[in-house]
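Accompanying notes for the structure given below.
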Amino acid sequence: MNEATDASTEARYLRGDLGFEDALREVTGTDVGRQFFAQILHSLSDRNPAAPPLSDHDAALLDRAGFVDDPAAATTARVDRDIRMQELVRSSLSIAEAADRLGVTAARIRQRLGEGTLWAFPSGRNRLLPPAQFTDTGAVPHLDQVMPLLAKDLHPLTVQALLTRPHPSLTVEGRPVSIVAWLTGSAGTAADIEQVQGVITAAEWESA
């Protein structure tokens, strides 16, 4: 969504021509509803001791951005985080769906999760596998050599961003690409994997 559209959305919302849910849908591109907002309100409530605090990394980013003393900005960051997490939950695969995508049994998916060559996060009583690990017909090539390098305590959104956002040190024809794009286009050589390992190590230092 470009700035002109965002401004138009804000103006229409302030005039009362657009409801909040519709405005948020325009700005984020995420289809949201009352149940979704109820979950956000629950996480934002001061009376909810189970609401997860910002990670040290996220808090440091807010501090550097000057948001610590700005309650509105802090709330915006929290809502944005909740939106991205809900979208990750919505788009992720169950163990059965991942097994179908890879043409293996659910037991094999559980085995790979235990080995660390696939990544899942808990959601209720289930484990969900984010789609960044998969292509339309299978798994991202060579990702099984990379996933064991990731720290086990990383937040799901951190892992998602690490895999899908372009990195300056991974370039194709001079253009930065994500770890997933890099591995998809690589031959899976030791040098290719070492490049990705360098990105992960740098990210871990940054978030430490």
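The values are calculated or read from the model by the stated rules, or taken from the named source; none is laboratory data. Not measured: the values here are computed from a predicted model. As a convention, Cβ positions derive from the backbone with ideal geometry for all residues, glycine included, and neighbour counts pool all protein chains shown. Side chains are part of the model used for accessible areas, which takes the heavy atoms of the whole protein and leaves out ligands, DNA and RNA. Shrake-Rupley method; radii C 1.70, N 1.55, O 1.52, S 1.80 Å.
When +1 charges are put on Lys and Arg Cβ atoms and -1 charges on Asp and Glu Cβ atoms, the dipole computed for the range 104-154 relative to its Cα centre reaches about 240 debye.
In order along the range 171-181, the phi-based Karplus estimate (6.51 cos²θ - 1.76 cosθ + 1.60, θ = phi - 60°) of 3J(HN,Hα) comes to 10, 10, 6, x, 10, x, 10, 7, 4, 4, 5 Hz; Gly and Pro are listed as x. Estimated from the Cβ-Cβ distance and a Förster radius of 25 angstrom, the FRET efficiency linking Thr189 and Asp136 is about 0.50. The figure for Arg175 is an accessible area of roughly 140 square angstrom, using a 1.4 Å probe on the protein chains alone. Taking amide H as placed 1.01 Å from N in the peptide plane, Leu93 has its amide H under 5 Å from the amide H of Leu129, each at least 5 places away in sequence or on another chain.
Distant-in-sequence amide contacts of Phe134, defined by a placed amide H-H separation under 5 Å and a gap of 5 or more residues or a different chain, comprise Val140.
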